[in-house]
């Protein structure tokens with residue numbers, strides 16, 4: 001049995017003010033193995049983020065079955081953490097305070113919390129910034145804090161919804177490298193939503209392409225590239241071949257008029 005199993009998942013949102021309901025996900029079936037890194041790409045509105053929220057236990061499926069380690073997902077759990085594009089840090093708390101928030105809420109011993117935050121601060125490369133407040137940090141540093149805070153409860157599943165989308169290109173590349181290291185040390189399963197094809201290939205074990213609304217799994221591409229991965233891998237023949245395969249899948253959606261425009265950077269690299 002796979003670590004995460006989704007069987008014929010459907011999700012419909014009720015319409016407001018007597019409008020028609022919206023079918024966000026039609027029939028989604030997917031198996032994810034433990035400690036696997038899965039990237040999910042697809043057109044805007046196809047249900048990528050909705051599926052992440054379902055795995056987090058923050059949304060329920062209208063139909064189908066979703067289970068982790070054979071147990072149905074019925075609500076939030078500290079073993080499933082989520083990181084959004086917005087940093088969502090507590091502005092009145094320091095780096096250390098933000099990271100320790102979850103364990104403190106779960107009544108973890110103060111000494112253990114301090115040890116945990118120290119280890120996580122080292123893991124995400126923020127030594128020396130323990131007592132800084134969010135407004136004193138760069139965007140990349142804030143996202144490192146958000147990732148460390150998500151890992152503080154030692155989750156088995158880390159859910160990431162376009163976590164680097166608000167960062168500049170150079171910081172985004174650096175964060176991709178750092179996330180790869182963090183994931184390998186944290187030993188958790190990652191579901192990573194992105195609109196960047198190159199980001200998906202660089203980070204993932206497999207890339208899941210979702211079709212336009214109502215969302216479904218259109219294609220799954222296994223990424224057979226050695227780890228750890230460096231920036232140089234972008235120029236390899238294998239990387240370019242994967243990029244072409246995914247772009248062709250996307251272009252099929254574009255021809256139907258359903259795919260939100262791929263960012264200009266992705267277009268120029270074609």
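Annotations for the structure displayed:
- Hey, residue 191 assigned by TED's automatic domain parsing to the domain that holds residue 232, under 20 Å from residue 56 (Cβ atoms) and either touching a helix residue (DSSP H, G or I) at 6+ places or on another chain (Cβ under 8 Å) or in a helix (DSSP H, G or I) (or both) or not: yes
- Scanning the range 227-244 for residues that are under 21 Å from the mean Cα position of the chain (by Cα) and not in a helix (DSSP H, G or I) gives 227, 228, 229, 230.
- Taken over the range 146-181, the criterion of being farther than 26 Å from residue 6 by Cα and out of contact with any helix residue (DSSP H, G or I) (no Cβ under 6 Å at 6 or more places or on another chain) is satisfied by 146, 165, 166, 168, 169, 170, 172, 173, 174, 177, 178, 181.
Residue-wise test of (1) surrounded by fewer than 19 Cβ atoms within 10 Å (Cβ to Cβ); (2) touching a strand residue (DSSP E or B) at 6+ places or on another chain (Cβ under 6 Å).
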| site | (1), (2) |
| --- | --- |
| 6 | no, yes |
| 23 | yes, yes |
| 38 | no, yes |
| 43 | no, no |
| 49 | no, yes |
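- Consider the range 51-66 and keep the residues that are surrounded by fewer than 16 Cβ atoms within 10 Å (Cβ to Cβ) and touching a residue at least 40 places away in the same chain (Cβ under 8 Å). The one that is farthest from residue 10 (Cα to Cα) is 65.
- Here residue 177 passes the criteria (1) in a loop (DSSP other than H, G, I, E, B); (2) assigned by TED's automatic domain parsing to the domain that holds residue 49; (3) touching a residue at least 40 places away in the same chain (Cβ under 8 Å) except the one numbered (1).
- Candidates 83, 190, 145 - the one that is buried (at least 19 other Cβ atoms within 10 Å of the Cβ) and free of Cβ contacts under 8 Å to residues at least 60 places away in the same chain: 145
- Taken over the range 84-122, the criterion of being over 25 Å from residue 49 (Cα atoms), outside any helix (DSSP H, G or I) and at pLDDT below 90 is satisfied by 106, 107, 108, 109.
- Odd one out for residue 123, checked against (1) within 22 Å of residue 36 (Cβ to Cβ); (2) outside the structural domain of residue 224 (by TED's automatic domain parsing); (3) under 17 Å from the mean Cα position of the chain (by Cα): (3)
- Number of the exception - residue 267 against (1) modelled with pLDDT under 95; (2) farther than 22 Å from residue 49 by Cα; (3) in contact with a helix residue (DSSP H, G or I) (Cβ under 8 Å, 6 or more places away or on another chain): (3)
The values are calculated or read from the model by the stated rules, or taken from the named source; none is laboratory data. For clarity, every value in this text was computed on a predicted model and none was experimentally measured. As a convention, Cβ positions derive from the backbone with ideal geometry for all residues, glycine included, and neighbour counts pool all protein chains shown.
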